[in-house]
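Down below is the structure, laid out as structure tokens.
The values are calculated or read from the model by the stated rules, or taken from the named source; none is laboratory data. All of these numbers come straight from a predicted model, not from anything done at the bench. Cβ atoms come from the backbone with ideal geometry, glycine included; neighbour counts cover every protein chain shown.
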Amino acid sequence: MDEALTPVVELRQVRKSFNVGLPTEVEVLHGIDLRLMPGQFSAVMGPSGSGKSTLLNIVGLLDRPTQGQLLIQGQETTAMDDAALTRLRGHTIGFVFQYHHLIGAFSALENVMLPMVGLKGFPDATLEQRALGLLESVGLSPWKDTPAARLSGGQQQRVAVARALAMQPALLLADEPTGNLDSKSADAVFELLRQVNRDHGTAVLFVTHNPDLARRCDTTLMVVDGLMQG
């Protein structure tokens with residue numbers, strides 16, 4: 001199968017309900033179809049409560065759909081057990097959240113190394129060199145030994161981007177990564193994601209409420225009342 005023609009993510013009539021079987025059961029996603037190709041950079045927009053976070057959790061293999069199919073690089077995931085989903089997520093998907101989720105007492109370098117150490121079980125020189133390269137790519141080599149808690153908000157998000165790229169993922173999920181930043185830092189983080197997308201062909205789903213940033217993406221997907229538009 002030609003990887004260039006295989007969607008990084010494909011959702012086929014995905015539905016998600018909570019409290020299934022209870023009087024309070026509610027369906028929040030109503031048959032979502034989505035295809036994201038290698039190298040595609042797509043904004044995801046929609047009002048609060050529209051289902052964006054639920055959709056991102058399903059794409060990121062953090063939650064399972066109630067109905068429908070989810071394929072990651074052509075692999076059907078809905079029948080996988082938790083261990084298989086964890087392996088696939090670790091090797092294929094990087095996450096950048098609105099809050100950076102760094103360990104404040106760890107240095108920038110140590111934070112970037114964490115996903116690799118978690119997979120291998122111990123740090124070594126090869127992992128450290130890769131982490132140093134990632135910090136260089138986000139412009140933070142001079143701060144490699146600085147505890148994350150002492151970095152600015154923009155610097156912390158750049159460390160978070162570097163960490164998300166540690167496993168060379170095919171897909172980067174960015175959930176409001178600029179939401180807590182001033183306009184200059186937000187623009188810098190967005191351009192960094194764009195650079196990663198261009199240089200490595202990483203597919204990006206970029207959740208944002210900022211229409212100016214959304215216009216700079218390849219496509220914009222609107223989620224409204226649990227339905228996909230666009």
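Tell me the residue from SER53, SER17 that is surrounded by 13 or more Cβ atoms within 10 Å (Cβ to Cβ), in contact with a strand residue (DSSP E or B) (Cβ under 6 Å, 6 or more places away or on another chain) and hydroxyl-bearing (Ser, Thr, Tyr), please.
Values: SER53 fails: in contact with a strand residue (DSSP E or B) (Cβ under 6 Å, 6 or more places away or on another chain).
When all the criteria are applied, what remains is SER17.
Can you tell me which residues in the stretch 174-230 are crowded, with 19+ Cβ neighbours inside 10 Å, modelled with pLDDT of 85 or more and not aliphatic (A, V, I, L, M)?
ASP175, PHE190, ASN197, THR202, PHE206, THR208, CYS217, GLY226
Given the residues LEU151, LEU171, LEU127, which is the only one that is farther than 24 Å from SER183 by Cα, at pLDDT 90 or above and not basic (Lys, Arg)? First the steps, then the outcome.
Working: LEU151 fails: farther than 24 Å from SER183 by Cα; LEU127 fails: at pLDDT 90 or above.
Within the list LEU151, LEU171, LEU127, the selection yields LEU171.
In the list ALA79, ALA43, ALA84, which residue meets the criterion of being in contact with a Cys (Cβ under 7 Å, 6 or more places away or on another chain) and not polar (S, T, N, Q)?
Values: ALA79 fails: in contact with a Cys (Cβ under 7 Å, 6 or more places away or on another chain); ALA84 fails: in contact with a Cys (Cβ under 7 Å, 6 or more places away or on another chain).
Residue meeting the stated conditions: ALA43.
So which of GLN13, GLN98, GLN75 is touching a residue at least 12 places away in the same chain (Cβ under 8 Å), touching a Gly at 6+ places or on another chain (Cβ under 7 Å) and closer than 26 Å to VAL117 by Cα? Walk me through it before giving the result.
Values: GLN13 fails: closer than 26 Å to VAL117 by Cα; GLN75 fails: touching a Gly at 6+ places or on another chain (Cβ under 7 Å).
Of GLN13, GLN98, GLN75, the one residue that is touching a residue at least 12 places away in the same chain (Cβ under 8 Å), touching a Gly at 6+ places or on another chain (Cβ under 7 Å) and closer than 26 Å to VAL117 by Cα is GLN98.
Which residues, taken from the stretch 180-230, are in a strand (DSSP E or B), more than 22 Å from ILE93 (Cα to Cα) and not hydrophobic (A, V, I, L, M, F, W, C)?
GLN229
Only residues that are in a helix (DSSP H, G or I) and over 23 Å from THR6 (Cβ atoms): list them for the stretch 28-56, please.
Applying the first criterion (in a helix (DSSP H, G or I)) to the stretch 28-56 yields 52-56.
Within the stretch 28-56, LYS52, SER53, THR54 qualify.
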